[in-house]
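As C-alpha cells, the structure follows; a few thoughts come after it.
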Amino acid sequence: MTLSNTRHLDYEAPGCFEETRYEKLHNVICKTPVEGSKLIAHSIASLIKSKQERNEMCVLGLATGSSPISVYRELVRLHQEEGLSFQNVISFNLDEYYPLSKEDVQSYHYFMHTHLFNHVDIKPEHVHIPNGEVSLKEIRSFCIEYERKIEAFGGIDLQILGIGRTGHIGFNEPGSHQNSQTRTITLDHLTRYDAAPSFQGIENVPRKAITMGIQTILSAKRVLLMAWGTNKAEIIQKAIEGDISPMIPTTYLQLNENTTLVLDHEAASELTRIKTPWLVGQCDWDEALRSKAIAWLCEKTGKSILKLIDEDYNQHGMSDLLASHGSAYDLNIEMFNRLQRSITGWPGGKANADDKYRPERALPEKKRVIIFSPHPDDDVISMGGTFDRLVSQGHEVHVAYQTSGNIAVSDEDAKLFLEVTQDLLKTEEHEKVLKLKEEFERINPQQPAPRGICDLKGSIRKRESLGATRYFGLPDEQVHFMNLPFYETGLIDKNPVSQKDIDLTLALIEELKPHQIYAAGDLADPHGTHRVCLDVIFSAVDALKTKPFMKDCWLWLYRGAWHEWEIHQIEMAVPMSPDQVLRKRKAIFFHQSQKDGVMFQGNDHREFWIRAEERNAATAKKYKDMGLSEYAAIEAFKRYHFL
Ligand code: F6R
C-alpha cells in the first residue's frame, strides 16, 4: 500500500462504497502501528524527493506525542541508510506547552530534536516550533508571525497529526472554532491527565499551550492523521462517522478533502464497517464473524442465544446469514455449543477426560507452564484465578516478569522501604542507606532516575511479586525476573526493542520447553509496555517455532487491566467461585506499591483489584445473559496460533 501526496485522485472518496457509507473521512487500516508509520514516513519521503526533483522547498507540518515516534524513527532510517536529505524541508510544528522552556525534556522542542532533527540534515533555520518561552506580552505577535511565516513559505504541503482522546488536533481542544489560527489555548483536563505521567503528576502539567489553529491545519494541501490502539477507537469512530462539531475538533478535517486517516486495527475497531459489518453490506460469514454477530444480536435484543428467532436475525441485517447458514435454530445451537465448550475449570487440561471439545489437551497430564507478565503484577490482576488453579491442579507453573516495573514505584514508597532497612541495620552499616537516601535529593525529573533508585524500586516490586507467588504456593525458583533491557531507561520513554530482549525471552522458553505459555494481549495499555512485551514474545516464538518442543506448546493470551476479550473472541473461559475471587484479591494486595492512586493507571480510575473483579464479574454475567451457567466471575483467554 502507498499513500499519494497529490490530491486524492488515487483513492475513493469516503462513503462512495456501501461499506463506507457511514464514513465521512477517508481512512486506511494497517495491520500494525509500525506498518502504518512506515506508510506515512514513505509518503513524507516521496513528497520531499519529488519537491527536490523540482528544486522546490517542502513545507511539513509536524506533530509530537507517542503516535508519530515510529514515523520519525523510519524517517531517520531513510536518511541514514537510504540517503534521504532534509535540506529542502521547512518544518512547522503544531504546538508547544506554555510556558515551558525549550530545554525541558517534556517540551515539544526537546521531543522534535531528540526524535528527528538531531539525526537528519535539516537546516536549523528551517525548523519552526511554537516558542513556549515567549513572554505573555509578546505571545500574540508571536502567533501572528507564525501564521505569516507559514503563508510566506506557500502554506503547508503535508500536515501530519495525532489525535487526543478529547478529539483534539494540535491542541485545538473541544470548542475550538473552525476559523481559529495559531493562538494560546487552555488544555482540557483529560489532555493534562493523559500527559500527567510524563510530567510526574498532573500538578506539573502546564495549563496552557500554543497551537496552530483549525484553519491553519485545514489549509494544508495534504493531511495525514494517525491513530494507534484501542484507546483511540472511540474518538476515531466519532471523528469519522460523526457530523462536524466543534466539540470534536477532528471532525473539521471533513472539510479538507485531501485528508487520510491511517489507523491500526485496534483504532479502527469501533467503525461500523468493522464492528458490525452486517449493518453495512454483504458479509463473508466465517465462524468468527458468526460468533461476533450472534453475541451482538443477544445484546441488542436482550435475549439469550437459544431464544433468538429468524425474525431477530432478519431485522438486524443478518438475513443473508440465515440464507447461507440455515435457520436461527441451527445458528443458535452452534453458538451455544461453542460458548459452552469454552468454559473449563481445568485450564491446564483435564486428565482422563475426553478433550475433543475442551479448550485444552488432556495430555500431558502435568504441564509445564510459563505465565509471562509484562509488569510484576499483571499475572495476578489479569489471570490470578487461573494461575491459582494451574498450581493447585499440579502443573509446573513458572512466572516470568518481563520488566522490573521500577518507574511505577513512588519516591515516597521507596524511601519508606529504605528507612525500614535502616532501622534494621547496625549503625555502622547505615552508610549505604544514607547514600541512597541522598540520591533522592538529587533527583531531576528531566533526567533518567539514578541506577541505585531504579534498583531499589525494582526490588520493591520483586518482593511484592514474591509475596503473591508464594501465596499461590509457587517455589521462588519458578519465578523469573527478566528485567528486559528495553524498559531500563529510568524514564517513561523506553528504548526500542533490541535483539537482547528477544534473546532473553527465547532462552527462557527454550530452557523450560513449556506446554502452555500465557501472555498479555492487552493492546490498550496506555504506555505501550504490554504491546512491546507481547511483540517480544511473538518474535521469540517465531524464532523457535521449528523446534520440536514447540509443536506441543500452546500460546494463550489474557487481558484484564485495561480491557477484556469480547465474548465472541473467548476460547477458554475459566470460572471462579466467590472464594477464588477472594484469593485473587489477596494476591493482588501483595502489590502494595501499586495500590491507591498509582502513577500509571490509564483512563480508568478504579484500582487494579476492583477493575479485575468487576471485569471478571461482567464476563460471567455476559455468559449468564446469553443463557449459560451463572458463575461469580470468569477469566477469559484467546489462543494465538503461531504454527
Ligand atoms: C502533538 C499534538 C497532539 C497529539 C495528541 C495525541 O503535537 O498536537 O494533538 O497528537 O494529543 O497524542 P499521542 O500521540 O501521544 O496519543
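The values are calculated or read from the model by the stated rules, or taken from the named source; none is laboratory data. Every value quoted in this text rests on a predicted model; they were computed, and no experiment measured them. Positions of Cβ are backbone-derived with ideal geometry, glycine not excepted, and every protein chain shown enters the neighbour counts. Calculation scope for accessible area: heavy atoms of the full protein, side chains included, ligands and nucleic acids excluded. Shrake-Rupley method; radii C 1.70, N 1.55, O 1.52, S 1.80 Å.
What number of residues within the stretch 121-145 satisfy the criterion of being within 16 Å of the ligand (Cβ to nearest atom), farther than 25 Å from G36 by Cβ and assigned to a loop (DSSP other than H, G, I, E, B)?
Number satisfying all stated conditions: 3.
Of all residues in the stretch 158-184 being outside any loop (DSSP other than H, G, I, E, B) and within 11 Å of the ligand (Cβ to nearest atom), which is farthest from E234 (Cα to Cα)?
Q159
Which strands (runs of 3 or more DSSP E) does the stretch 482-589 wholly contain that include 1 or more residues that are farther than 20 Å from V397 by Cβ?
none
Considering only residues of the stretch 12-27 that are at pLDDT 90 or above and open to solvent by 20 Å² or more (accessible area, probe 1.4 Å), which is farthest from E257 (Cα to Cα)?
Y22
Please indicate, with yes or no, whether at least one residue in the stretch 34-43 is within 16 Å of the ligand (Cβ to nearest atom) and surrounded by fewer than 20 Cβ atoms within 10 Å (Cβ to Cβ).
Within the stretch 34-43, one or more residues are within 16 Å of the ligand (Cβ to nearest atom) and surrounded by fewer than 20 Cβ atoms within 10 Å (Cβ to Cβ).
Suppose we filter the stretch 417-429 for residues that are surrounded by 14 or more Cβ atoms within 10 Å (Cβ to Cβ) and not aromatic (F, W, Y); how many remain?
3
Any idea which of (1) under 19 Å from Y471 (Cβ atoms); (2) under 28 Å from the mean Cα position of the chain (by Cα) is the one Q393 doesn't satisfy?
Result: Q393 passes all but (2).
Keeping to the stretch 80-105, report how many residues are farther than 10 Å from E133 by Cβ and touching a strand residue (DSSP E or B) at 6+ places or on another chain (Cβ under 7 Å).
Residues that pass the stated criteria total 9.
Which residue out of A400, A351 is surrounded by fewer than 18 Cβ atoms within 10 Å (Cβ to Cβ) and of a type in the set (A, V, I, L, M, F, W, C)?
Within the list A400, A351, the selection yields A351.
For A239, state whether it is modelled with pLDDT under 95, outside the structural domain of T529 (by TED's automatic domain parsing), within 15 Å of the ligand (Cβ to nearest atom) and crowded, with 16+ Cβ neighbours inside 10 Å.
Answer is no for this residue.
Of these, F372, F336, F387, which one is surrounded by fewer than 20 Cβ atoms within 10 Å (Cβ to Cβ) and hydrophobic (A, V, I, L, M, F, W, C)?
Exactly one residue qualifies, and that residue is F336.
In the stretch 572-607, what count of residues is obtained for those that are of a type in the set (S, T, N, Q), open to solvent by 30 Å² or more (accessible area, probe 1.4 Å) and modelled with pLDDT under 85?
Residues flagged as of a type in the set (S, T, N, Q), open to solvent by 30 Å² or more (accessible area, probe 1.4 Å) and modelled with pLDDT under 85 within the stretch 572-607 amount to 1.
Is there a residue in the stretch 146-155 that is part of a helix (DSSP H, G or I) and either within 14 Å of the ligand (Cβ to nearest atom) or touching a helix residue (DSSP H, G or I) at 6+ places or on another chain (Cβ under 8 Å) (or both)?
Yes; the residues of the stretch 146-155 include at least one that is part of a helix (DSSP H, G or I) and either within 14 Å of the ligand (Cβ to nearest atom) or touching a helix residue (DSSP H, G or I) at 6+ places or on another chain (Cβ under 8 Å) (or both).
Going residue by residue through the stretch 263-283, is there one that turns out to be among the hydroxyl-bearing types (S, T, Y), touching a residue at least 24 places away in the same chain (Cβ under 8 Å) and over 21 Å from S67 (Cα atoms)?
yes
Looking only at the stretch 21-43, count how many residues are part of a loop (DSSP other than H, G, I, E, B) and in contact with a helix residue (DSSP H, G or I) (Cβ under 8 Å, 6 or more places away or on another chain).
The qualifying residues number 4.
Restricting the search to the stretch 116-145, which residues are open to solvent by 50 Å² or more (accessible area, probe 1.4 Å) and touching a helix residue (DSSP H, G or I) at 6+ places or on another chain (Cβ under 6 Å)?
Within the stretch 116-145, H119 is the sole residue that qualifies.
Output the residues belonging to the stretch 44-70 that are part of a helix (DSSP H, G or I), away from the ligand (no atom under 15 Å from the Cβ) and either open to solvent by 40 Å² or more (accessible area, probe 1.4 Å) or modelled with pLDDT under 95 (or both).
S46, K49, Q52, E53
List the number of the failed condition for G201; all other conditions in (1) on the phi < 0 side of the Ramachandran plot; (2) out of contact with any Pro (no Cβ under 6 Å at 6 or more places or on another chain); (3) open to solvent by 10 Å² or more (accessible area, probe 1.4 Å) hold.
(1)
Filter the stretch 71-95 down to the residues that are over 24 Å from the mean Cα position of the chain (by Cα) and either assigned to a loop (DSSP other than H, G, I, E, B) or acidic (D, E) (or both), then identify the one that is nearest to the ligand (Cβ to nearest atom).
Looking at residues that are over 24 Å from the mean Cα position of the chain (by Cα) and either assigned to a loop (DSSP other than H, G, I, E, B) or acidic (D, E) (or both), I get F86.
Could you say whether any residue in the stretch 273-293 is surrounded by 18 or more Cβ atoms within 10 Å (Cβ to Cβ) and either under 30 Å from S141 (Cβ atoms) or of a type in the set (G, A, S) (or both)?
For the stretch 273-293, residues surrounded by 18 or more Cβ atoms within 10 Å (Cβ to Cβ) and either under 30 Å from S141 (Cβ atoms) or of a type in the set (G, A, S) (or both): present.
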